[in-house]
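As structure tokens, the structure follows; a few thoughts come after it.
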Amino acid sequence: MKLAARNLSKRFGAQYALRDVSFEVAPGQVHALCGENGAGKSTLIKVLSGIHSEYEGELLVDDRPQRFTGIRDAERAGIAVIHQELALVPELSAAENIFLGHEPTRFGMIDRARMERESRQLLAQLGSSIDVRTPVRELGVGQAQLIEIARALHKQARVLILDEPTAALSEREVTALFAVLKAMTGVSLVYVSHRLREVFALADQITVLRDGRSILSMPARETDERALVRHMVGRPIENVFPSREVELGEIALRVSELNVGRLSDIELEVRAGEVLGVGGLVGAGRSELLLHLFGAWGTRRGGHVTLNGAPYDVATPARSIARGLVLVNEDRKQQGLVLEQTVGFNFTLSSLREFARLGVIDAQREQERQQLLSERVQLRPPDLDRAVSALSGGNQQKVVLGRALASRPRVLLLDEPTRGVDVGARAEIYALIAELCAQGMAVVLVTSELPELIGLADRIVMMVDGQVGGTFTRAEATEEALLAAALRRAS
Amino acid sequence: MLGALLAVGAFFASYGALSGRELGFLTARNLSLLSTELASSGVLALGMLLVILPGHVDLSAGSAVGLIGALAAMLAIDPSALASHFGLTLIAGPWPAPLAMLVAALVGMLLYAGMGWCVAYQRMPAFIVTLGGLLAFKGLHWQAIANATVPVVRGGHSNTLSALTTFYVPMSYAWIAAGLGFALFAYLSFEKSELWLLKTVVAGQLLALALVVCGRYRGVPLAAVILLAVSAVVFVLCEKTTLGRYLYAIGGNEQAARLAGIEVQRITVTAFVLMGAIAGLSGFLQTSYAGSTTTTIGQLMELDAVAACVIGGASLKGGRGSALGVLFGALIMAVLLNGMTLMAVSPEHKLIARGVILALAVWIDLRLGGAR
């Protein structure tokens, strides 16, 4: 099957997520989609798979224009997506998952024998001999992925879209997956990955997306990793970052030989007035590091943390906040805000005790503080009584930041502080970070955006597979160097 | 809440039209009895709110009402018998009622602390934990009274426990106390606006009207005063204290609350312990109103309490609800029961009507909420 997009544009409000993207998958081809975080890869996949049905431009299947109005629609046309987060029911068996929603029946009852027989055949095609009666929760990620692929084949998919399929796989599982993918016939693959080595190992054709546009499309053998990285990055860094001249103070936070979960031997330190950038791929363990330091994730196997000169090894969120170590976590909707409550409610949630005597809140003092916070983070409009759920992403992020500042942190841990935030609010958040540092706060900044790392951080640590994969000073940090460090697989 | 009003209004209008009988609802005597009846269920519903706000539920409330009330009555009448029912030996005369109530309430708080610990620290669903409580407390209740009927006080006498629902505050005291209380309320809530003036004047008139009505019977029922006091405490707790704020935050988004530095587990246990104390108070009122403790005291009261919360606008998912709304919800449930009793509706029809009204009120609320 031939699948093509012609001059595809997709807007969210005033912002373009895709602009004039053209892209063609030939029958039987392995087509890699490359680009930085936020380049538009996920949006493109969502259009191709029918999740977004509102867009400009054309989608062609075997040269006939098509507009999918839902996932089922796309599936019927032969397009299946395997997402990074697998969509399997853990309690059901492999066979039941493969046939979920399309169970074969006999006299109105599920024909279990036929289901299991056909599942075995499908999996055998993929070179796997998993017992199809095993519940999926007992299978490894690699095997679960094969089940998803088998499910797609069962639905007669002719274009298979794989979104970061190797993010959670071990080296051996990756090799096995590649063998399966290479052996598949009659199916076109769209392969999305950050890992350029994999792209070159697999792809016939490569399309690069950048800032929502398709920059170029060419045969894989005509290019190399270095050139590809240049195309992926290749944009002048906008001058939205404040210039900073800061005298560094004492060491505010020091982490030594930290081992927890997948994180091993983490060493880092950050001084008062400094921004320490932490980069790396999604899944490299950056968020886990911040959560652990804050006291909200993992049991430590070893290592020490020193906070403002004193050992700080038994952390809980409440204790961390009391000692001036505050986290702004990455998922503000799920884990940051009480969405149905007001802006004011959220602003002072962490610092409520300051305004209370014997547990009773002094409403006037609290409100004064809320007003100050709203000015400090430039909330617009500065309406304290509005439900947070009604705010834009930028304003929501400002509320989370305001709440963090309300508890007077000395070390601020920021996890993706500008995700889903528009350009204007971004610049304001950058300025705020600079201002806080000038006042002597130490900041640890985790971000997937390389320009942000380079523009804001005084020093940058790149994490790879739970380890510190390289440290860069501001002068050494170029996007090419950082990306190369992030993509280096620890082996 | 609006939905509840409409549903109840429609119910009474249709019933009144059908029966054509005089309701006898708005007599001073009936209103006075109603307020006493409302006290124990209203207090319990207010406690239930504290458990529902952080996203839990207490199905054991009715059984706890029976158990704690029975413990107080047994201790006030015959502590030796109570001990012997549990296979212990204790030689003691009747305890003073206040002491009996205090000890019974402490036992209730301890039991609730245990359930709170299971929910908060062992992460067991409150539905299951309190379902276990429902059964176990009922068993303990029956064991405590050996399946008999035990009066709250020896015949012809009265004690603090019996006085809870039989004592009426004389009107002269009531007027003075109400005047002082109203002045305090007006002072605390003062803001410079016409709306405030209007609200205060209306509230004052309602209060005066209530007092006048009470004056035409025997005075202000002590039970009504207790309900008012508990309402005020729960209102302040929810609206003005850190604890209340944390309950809303935990119910709204537990993960966010934890990461905002709220000690979710400790707060959850606190909510359960408060519920234990309130279930005790409700138990004293209910047992006192019945005049004796029997195996049926408290039966199904947990469901009326949950219904009052939901009708009053609280969300069973947590994070939403208010003390005033719940008080209103409890009032609706009590008025409904009282009205049906006056109209001589049979018990089976009463149950059906309660169920239909609950579903209807929530359905209307959802509709209106969806349109907003």
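Estimated from the Cβ-Cβ distance and a Förster radius of 45 angstrom, the FRET efficiency linking A:Met218 and A:Glu103 is about 0.55.
By the Cα gyration tensor, region B:161-291 has an equivalent ellipsoid whose semi-axes, rounded to whole angstrom, run 33, 24, 9 from largest to smallest. In terms of other Cβ atoms within 10 Å, B:Ser41, B:Ser288 run from fewest to most in the order B:Ser41, B:Ser288.
Its convex hull of Cα atoms gives region A:380-469 a direction-averaged projected area, equal to a quarter of the hull surface, of 6.9 nm². Under a 5 Å amide H cut-off, with hydrogens placed 1.01 Å from N, B:Ser292 pairs with B:Val152 among residues at least 5 apart or on other chains. One equal scatterer on each Cα of region A:242-310, no solvent, Debye formula: the resulting log10 I(q)/I(0) at q = 0.19, 0.20, 0.22 Å⁻¹ is -0.81, -0.87, -1.00. Lysine pair count for the protein assembly as shown (Cα-Cα distance under 25 Å; residues 8 or more apart in sequence or on different chains): 21.
Mind grabbing the base-10 log of I(q)/I(0) for the protein assembly as shown at q = 0.09, 0.11 Å⁻¹? Debye formula, identical points on the C-alpha positions, no solvent, two decimal places. Ignoring solvent entirely, the Cα scatterers give -1.06, -1.27.
Roughly how tilted is helix A:171-183, in degrees to the nearest 10 and between 0 and 90, from the longest Cα axis of chain A? Relative to chain A, helix A:171-183 is tipped by roughly 30 degrees.
One chain, two ends: A:Ser9 and A:Leu384. Fully extended at 0.36 nm per residue, the span grows by 131.3 nm beyond their Cα-Cα distance. Radius of gyration over Kirkwood radius for chain A, both on Cα atoms: the Rg/Rh ratio is 1.00. Given the C-alpha centroids of region A:80-116 and region A:7-36, what is the distance between them in whole angstrom? The distance from the Cα centre of region A:80-116 to that of region A:7-36 comes to 31 Å.
Here the alpha carbons of region A:1-97 define both size measures, Rg and Dmax, at 14.6, 45 Å. Note on the protein assembly as shown: helix-only mean residue ellipticity at 222 nm, from DSSP H runs of 4+ residues weighted -39500 (n - 2.57) and normalised by residue number, equals -16000 deg cm²/dmol.
Computed from backbone phi with θ = phi - 60° and the Karplus coefficients 6.51, -1.76 and 1.60, the 3J(HN,Hα) list for region A:200-208 is 6, 6, 10, 7, 8, 10, 10, 10, 9 Hz; x is used for glycine and proline. Loop-located trypsin sites (Lys or Arg not before Pro) in region A:36-74 (DSSP state other than H, G, I, E, B) with a sparse environment of at most 14 neighbouring Cβ atoms within 10 Å: A:Arg67. Please give the Cα centre distance for region B:316-371 versus region A:434-472, rounded to the nearest Å. So the separation of the two Cα centres works out to 56 Å.
B:Val51 sits among other residues whose Cβ lies under 11 Å from its own Cβ, and their net charge, with Lys and Arg +1 and Asp and Glu -1, is -2. Per-residue mean of foreign Cβ neighbours for A:215-224 is 0 (Cβ atoms of other chains, 10 Å radius).
Dimensions of region A:179-309 from C-alpha coordinates, computed as largest minus smallest value along each principal axis and given longest first, are 61, 40, 21 Å. Quick check: from the Cα gyration tensor, does chain B come out rounded (a/c under 1.5), prolate or oblate? Note, shape of chain B comes out rounded. Centre-to-centre, using Cα atoms only, region A:292-356 and region B:180-244 are separated by 39 Å.
By the count of neighbouring beta-carbon atoms within 10 Å, fewest first, B:Thr149, A:Thr207, B:Thr200, B:Thr293 end up ordered B:Thr149, B:Thr200, A:Thr207, B:Thr293. Ordering B:Leu211, A:Leu290 by the number of other Cβ atoms within 10 Å of each residue's own Cβ, fewest first, gives B:Leu211, A:Leu290. Computed across region B:117-220, the Kirkwood radius stands at 18.8 Å (inverse of mean 1/r, all Cα pairs).
Every number in this text was worked out from the coordinates using simple rules, so none of it is lab data. This is a predicted model, so every value here is computed, not measured. Positions of Cβ are backbone-derived with ideal geometry, glycine not excepted, and every protein chain shown enters the neighbour counts.
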